[in-house]
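Working notes for the structure below.
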Amino acid sequence: MIRVQIPFHLQTLAQTTAEVALDVPAPVTPLSVIRTLESQFPTLRGAIIEHGSNKRRPLIRFFACQQDVSHDSMTTPLPHAIVEGAEPFIILGAIAGG
Amino acid sequence: MSRVRVLAGTKKGAFILTADAERKNWTIDGPFFGGWEIYHVAGSTVNPDRLYASQSSDWFGQIIQRSDDGGKTWQQPGTPPGTPTTTPEGMPIAESNKFVYDTSEETGSPLTTHQWYDGTAHPWEFKRVWHLEPSLTEPDTVYAGVEDAALFISKDGGSNWQELSGLRGNGTGPLWQPGAGGMCLHTILLDKNDPQRLYVAISAAGAFRSDDGGNTWRSITKGLHSPYIPDPTAEIGHCVHRLAMHPTKPDVLFMQKHWDVMRSDNAGDLWHEVSGDLPSDFGFPIAVHAHEPETVYVIPIKSDSEHYPPEGKLRVYRSRQGGDNWEALTNGLPQKDCYVNILRDAMAVDTLDDCGIYFGTTGGQIYCSPDGGDHWHAIVNNLPAVLSVEVQTLP
């Protein structure tokens, strides 16, 4: 199972906890994780990836294994530790300024 | 016995305040959607338990919420938990937070540019829903005024949204420009006597009227004078802050502009100033008494740079002559050291026999006058900054 950590606002929107476990079909990429997340929590559709453009919302970032993968391709396979569930895939709101 | 339900949108959630017709003892429920900006909550006049809320975030975008039980429970229309989000063919079933400008060749308008603050061309970009206006006749029909300015309609209870693109495409769109708060469509007025007639107002483009149900639009800005634009009497560029109308006199419109309080007696064809003896004619909201079409309320703000009441005195001003002559209403309102603002969607009136007036402040207070403005009390003092106030009068 893929562990996904989501920020407070999305927890309230999806009415779920800070971390959810998802069964994501291979290959496991940011896009496949998010689409699986949206499938399980339809209220999140559009809140992470924009409608229309299908791009990551500008103030959202993705972390994997202590790396910022926000600017990687959405279809780049995620590290093995994410796929195994040893590390969480982290979705968070960017902190803009102090 | 009648009662009232106040719907408050704030910077950090929605609140619902209820009281009986005396409007003395209040129950406060919320926050709903804690942590999110709630620009507007509005109830259907056809089905008062049908509420719509605009929930948004710079980070996570726009969400539409709906309640069918007066605010006890909420859901995103079209995406109830546990239901499929696509048809067997893979098409989206409903996406309540999907606001996409209509650029189709058949019905849409080219997605041109509008003006940016510096006058350069800037592409249209959806940011949020500022205002929701439920239909006066159909509980499943609701209009949404959005930033960047456009008008959307849903005919299925908020599940799906389509742009009424004749507004943005009426030919003047490339001249529209943002006000300080963004280029927002913040006011939608529906004419109870003529379902084909709608009004909208946009900062800073102006005001517009449709006489064919929203398909085509024309600007209604003749008589406005705005010295902060190159041509003060131009058709486009006026920063209209709010429009108000009394349902029994729909051709009479009142406007709080960036500066100036204005009036039109012919559905916006021509405006004249009625600021009269106000201490400042800058402000945001404007409202009309529920039973007296010539009784109008504004809340003067010191200036466009100083968004707080003149002299630190929070005063509602009432005109019983449809403008020009104004009286200060102060009983129960702070008369010193008050430096809050009252935003454009944050004043409302109920329809009880003794008309109640309500407004919310950026300091988190919501005030109520149960007697048309003569006496005021704070329903609540310490909410997050109040973005909008609506009130429902319930049997």
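No value in this document is a laboratory result; all are computed from the given coordinates. Fair warning: this is a prediction, and the values are worked out from it, not measured in the lab. Glycine gets a Cβ as well: all are built from the backbone with ideal geometry, and neighbour counts include every protein chain shown.
Here the calculated FRET efficiency for residue B:378 and residue B:291, from their Cβ-Cβ distance with R0 = 25 Å, stands at 0.55, rounded to the nearest 0.05.
Spin-label model, residue A:31 to residue B:106: label points 7 Å out along the Cα-to-beta-carbon direction sit 2.8 nm apart. Fully extending the segment from residue B:216 to residue B:170, taken as 0.36 nm per residue of separation minus the present Cα-Cα distance, adds 15.9 nm. Averaging the sequence gap over all C-alpha pairs within less than 8 Å and six or more residues apart, then dividing by the number of residues, gives segment B:288-395 a relative contact order of 22 percent.
With a Förster radius of 51 Å, plug the Cβ-Cβ distance of residue B:336 and residue A:1 into 1/(1 + (r/R0)^6) and report the FRET value to the nearest 0.05. E between residue B:336 and residue A:1, to the nearest 0.05, is 0.25.
Helices in the protein assembly as shown, meaning DSSP H runs of at least 4 residues, each add -39500 (n - 2.57). Divided by all residues, the mean residue ellipticity at 222 nm is -1000 deg cm²/dmol. Taken about its Cα centre, chain B carries a charge dipole of roughly 720 debye when the Cβ of each Lys and Arg holds +1 and the Cβ of each Asp and Glu holds -1.
Bridging of residue B:127 to aspartates and glutamates at a Cα separation below 14 Å is possible for A:50, B:37, B:58, B:147, B:148, once same-chain residues fewer than 8 apart are set aside.
Take every pair of alpha-carbon atoms less than 8 Å apart whose residues are at least six positions apart; their mean separation over the length of chain A yields a relative contact order of 35 percent. What fraction of the Cα pairs in chain B, stated in percent, has a spacing above 25 angstrom? Beyond 25 Å sits 53 percent of the P(r) for chain B. Among A:49, A:89, A:29, whose Cα lies farthest out toward the positive end of the dipole of chain A, if unit charges sit on the beta carbon of Lys, Arg (+1) and Asp, Glu (-1)? Checked the options; the winner is A:49. Charge dipole (Cα centre; +1 on Lys/Arg Cβ, -1 on Asp/Glu Cβ; no other charges) of the protein assembly as shown amounts to roughly 760 debye.
With the simple model of a label 7 Å out from the Cα in the direction of the Cβ, residue B:155 to residue A:59 spans 3.5 nm. Modelled spin labels at residue B:180 and residue B:11, positioned 7 Å past Cα toward Cβ, are 1.5 nm from each other.
Computing FRET efficiency as 1/(1 + (r/R0)^6) for residue B:234 and residue B:303, where r is the C-beta to C-beta distance and R0 is 30 Å, gives about 0.85. Note on residue B:192: lysines with a C-alpha under 27 Å away, same-chain residues under 8 apart excluded, are B:155, B:222, B:249, B:257.
The charge dipole of segment B:176-272, taken about its Cα centre with unit charges on the Cβ of Lys, Arg, Asp and Glu (plus for the first two, minus for the last two), comes to roughly 220 debye. Among residues other than residue B:300 with Cβ under 15 Å from its Cβ, the summed charge is -2 (Lys and Arg +1, Asp and Glu -1). Comparing A:40, B:254, B:288 along the charge dipole axis of the protein assembly as shown, the residue lying farthest to the positive side is A:40, per the Cβ-charge model.
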